[in-house]
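Structure first, then comments.
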Amino acid sequence: MNTDLKALELLFQRPLEPVFTTRDNGKTVFDLPESVYTDRYRNNTEEVSNRFSQNVETRIPIREVARKPNLEFASKLGRKQQFSLFINKHKEIASQLIQLFLDAPNLQQFVALAAYTKDRVNPVLFQYSYAVAIAHRPDTRTVPIPNISQVFPSNFIEPSVLQDARQEASVIAKSGNRTVLEIPANYTASDREDEQHLAYFREDIGVNSHHWHWHLVYPASGPMEIVNKDRRGELFYYMHHQLLARYNVERFCNRLKRTIPLSNLREEIPEGYFPKILSSINNRTYPARISKQQLRDVARPDGSIEISELERWRDRILAAIDQGYVEDMQGNRIPLDEVRGIDILGNIIEACNTLSVNNQFYGNLHNQGHTIISFAHDPDYRHLEDFGVMGDVTTAMRDPIFYRWHGFIDTIFNKHKALLPVYNDTQLGFEGINVTYVEARLGAANARPNTLLTYWQRSSANLAAGLDFGPVEDENITATFRHLQNAPYTYTFNVINSGPRRSGTCRIFICPKTDERNQPLRLEEQRLLAIEMDKFTVELMPGENTIRRESTDSSVAIPFERSFRAVGASYQPTAADDLARFRFCGCGWPQHLLLPKGKPEGMQFDLFVMISDYTQDAVQQLSNTPNDACSTAYSFCGLKDKLYPDKRTMGFPFDRRLPNDTLNELVGAFSNMAKTDITIKFNDRVIG
Ligand code: CUO
């Protein structure tokens, strides 16, 4: 393997250790030019390099960096300070660092620059900017970006487990003899707290690493060439809208009502959250938010933000939606139309400053909301506390307030969508296509159709790569944890095509039928809670067609191994395709949460299928590079270096109002749609 690529991969390991320590289970060390050593070690370079050279098998030479970068800009963020993508100052620093990495003229210089920079900037800032650069440089396409839960495990798991992991690894040498460590479930609160019923969802490792990865692939600031992705504002809306729909449906499964959008920032927040997890870089716990906390203006060394600013931006955005246009910096009116409106709003609201049409006027609503909430416990820095979990994309989804804040953001987008014309027959129909039968069935031969199963499963993750200063010889330090799982199933549809051979896009959703009190939901409510399950192109022959699709092929989810893939050379696939999967590929909803939990006695849903006219869906890709091997979660994550592969607005047909009052009437009115009742049964046992 090319040693430069290998070096890039190894720079992800042990993020807090100096660059001269061994990597790859003690097998590899970098041969560094003297200039790489920071002042702390400069006088002892020989000693430290000898010390870490014993027993190594491979030495990777690193070149001198051609032009030493001036890293002054990054020194505004201390090495032990928490890094947040929601704080403007931090975003700007990251953006400059990414630019520096992208500007390295070739692979060798990129390696030299990364090695030089690593110990001179904040480690989380480094890992983030470095990962963004690796994901976007054309010459680093094959370098795997490890899952964030393995680089910084403490952000994801109960801290005493990490302590045990270090102890176990240093006391018991052979991995085979070690106790398997168990990450407890439900460790953040007792069942006196209603919100705790959703902990399995909020604190899931796959959920949080997906969210981190999504923001890595779609950064809100940075060089234009990486920020300006096709329909990124719309995808910001849609991916988070789907997170909300899934969360709310999951709440119904647990007999809780929908989350209440946080539309009033001056009301106290009833939900407290005590994260327990440790910050990776300074070993402090993430600060908690007590129950009934009131939000206050933030005035800290890193920047100030007033609640009234957020309210002003909110009101301007809502006014623009009511008027149907936004105004750019020059005062030009840009219509919020059916096609581009949502994308324009997404970039304004998030706020993606690089792409917002007028960030001076519409501000920085979503990001600053995260910031104000994340500093609720210490808004003026009098207690020298860092931000809570809401300040960080790796941890934000753990906190119930995330869903209340994003619930509010989602209501703004939904207001815009509700003002657009109702979908008409031409948009919804597909002449001559009749879906006559739909079912979903578990794999077993005698399985009853339309009854699906969820249960608990225990799986393991390898924590070795993120255990800085732990023992070096072994890459197997495993912890197990419990998560929801669903039994794989198959969709089968019968479709009669009374026209010529043609293509269609098959769109599968499930919608809850009732709320937490078993009250039936109206179609207008169902459409906002519709969960996208899958989307794929089908060839329709004249006459009858039978279409089968496995639940594991879903266009929103990625398989378990990718959510929790291990880091280290021996885990690397060798086939080019599989290798390519490793990078961009961590983005995607975890397959084990594809289905909502359901209920022990069974919970009913509508399984909805629509086949739309492919000639209205198809996107002419600008480049003819083959599809990336990891395009399976494209509904949530798009395709790397390509246009979003579905021309319809995201969420179609449920993103806009529909011409009927009930789902039954809708499928009755359009032959290219069908639905069936399905039951999701939850088995409250740990299986496997
Ligand atoms: Cu993903 Cu608010 O955008 O966390």
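Farthest towards the positive end of the charge dipole of the chain, among the residues 379, 153, 429, is the Cα of 153, using unit charges on the Cβ of Lys, Arg, Asp and Glu.
Taking the longest Cα principal axis of the chain as reference, the axis of helix 341-350 is set at about 40 degrees.
A Cβ-based charge dipole, computed about the Cα centre of the chain with Lys and Arg at +1 and Asp and Glu at -1, lands at about 400 debye. Computed over the alpha carbons of segment 1-133, Rg followed by Dmax gives 14.5, 45 Å. Rounded if a/c is under 1.5, else prolate if a/b beats b/c, else oblate: with a ≥ b ≥ c from the C-alpha gyration tensor eigenvalues square-rooted, which is segment 134-277? Judged from the Cα gyration tensor, segment 134-277 comes out oblate (a/c at least 1.5, b/c at or above a/b). Only Lys, Arg, Asp and Glu carry charge here, each on its Cβ (+1 for the first two, -1 for the last two); on that basis segment 3-137 has a dipole of about 380 debye about its Cα centre. Computed over every Cα-Cα pair of segment 244-375 and binned at 10 Å starting from 0, the pair-distance distribution P(r) comes out as 11, 31, 33, 21, 5, 0 percent.
Of the residues 521, 345, 554, the one whose Cα sits farthest toward the positive end of the charge dipole of the chain, with +1 on the Cβ of Lys and Arg and -1 on the Cβ of Asp and Glu, is 554.
For the chain, the longest principal axis of the Cα atoms and the long axis of helix 400-419 meet at an angle of about 40 degrees.
For q values of 0.13, 0.16 Å⁻¹, compute log₁₀ I(q)/I(0) with the Debye formula on a Cα-only model of segment 294-448, without solvent. Debye curve over Cα of segment 294-448, log10 I(q)/I(0) at q = 0.13, 0.16 Å⁻¹: -0.73, -0.92.
Taking the Cα centre of segment 3-137 as the origin and placing charges on Cβ (Lys, Arg +1; Asp, Glu -1), which of 83, 113, 21 is farthest toward the positive end of the dipole? The listed residue farthest towards the positive side: 83.
Beta bridges per DSSP, both residues in the chain: antiparallel share near 80 percent. With a cut-off of at most 15 other beta carbons within 10 Å, and DSSP calling the residue loop, which GluC sites (Glu not before Pro) in segment 24-63 qualify? Please list them. Here the sparse-neighbourhood loop sites are 57. With a cut-off of 13 Å between beta carbons, the residues surrounding residue 607 carry a summed charge of 0, where Lys and Arg count +1 and Asp and Glu -1.
Classified by the C-alpha gyration tensor, segment 112-158 has an oblate form. Its axis ratio a/c, with a ≥ b ≥ c, is 1.5 or above, and a/b does not exceed b/c. Applying 1/(1 + (r/R0)^6) with R0 = 30 Å to the Cβ-Cβ distance of residue 448 and residue 536, what FRET efficiency is obtained, to the nearest 0.05? Taking R0 as 30 Å, the efficiency between residue 448 and residue 536 is 0.75. Computed over neighbours whose Cβ is under 12 Å from that of residue 264, the net charge equals 0, Lys and Arg +1, Asp and Glu -1.
Report note on the peptides 296-309, 667-680: ranked by the mean count of other C-beta atoms within 10 Å, highest first, their order is 667-680, 296-309.
Taking a sphere under 9 Å around the Cβ of residue 357 and counting the other residues whose Cβ falls inside, with K and R at +1 and D and E at -1, yields a net charge of -2.
Before rounding to the nearest 500, sum -39500 (n - 2.57) across all DSSP H runs of length at least 4 in the chain and divide by the residue total; then give [θ] at 222 nm in deg cm²/dmol. Dividing the helical sum by the residues of the chain leaves -9000 deg cm²/dmol. Using a probe of 1.4 angstrom and keeping all protein chains present, the accessible surface of the chain works out to 39 square angstrom per residue. Here residue 92 sits with roughly 110 square angstrom of accessible surface, probe radius 1.4 Å. Converting phi to 3J(HN,Hα) with the Karplus coefficients 6.51, -1.76 and 1.60 and the offset θ = phi - 60°, segment 191-200 yields 7, 5, 9, 4, 4, 5, 4, 9, 4, 4 Hz in sequence order, with x at every glycine or proline. Computed from Cα atoms, the angle from the helix 123-136 axis to the main principal axis of the chain rounds to 60 degrees. Length, then width, then depth: along the principal axes, the Cα atoms of segment 194-418 run 48, 43, 35 Å.
Summing Cβ point charges (Lys, Arg +1; Asp, Glu -1) relative to the Cα centre of segment 56-213 gives a dipole of roughly 940 debye.
Per-residue surface analysis assigns residue 68 an accessible area of about 120 Å², computed on protein heavy atoms at 1.4 Å probe radius. The equivalent ellipsoid of the chain has semi-axes of 41, 29, 26 Å, largest first, where each one is the square root of 5 times an eigenvalue of the Cα gyration tensor.
Rolled with a 1.4 Å probe across the full set of protein chains, the surface gives residue 41 an accessible area near 60 Å².
The values are calculated or read from the model by the stated rules, or taken from the named source; none is laboratory data. Every value quoted in this text rests on a predicted model; they were computed, and no experiment measured them. With ideal geometry, Cβ positions are generated from the backbone for all residues, glycine too; neighbour counts draw on all protein chains shown. Surface areas here come from the heavy atoms of the whole protein model, side chains and all, with no ligands, DNA or RNA. Shrake-Rupley method; radii C 1.70, N 1.55, O 1.52, S 1.80 Å.
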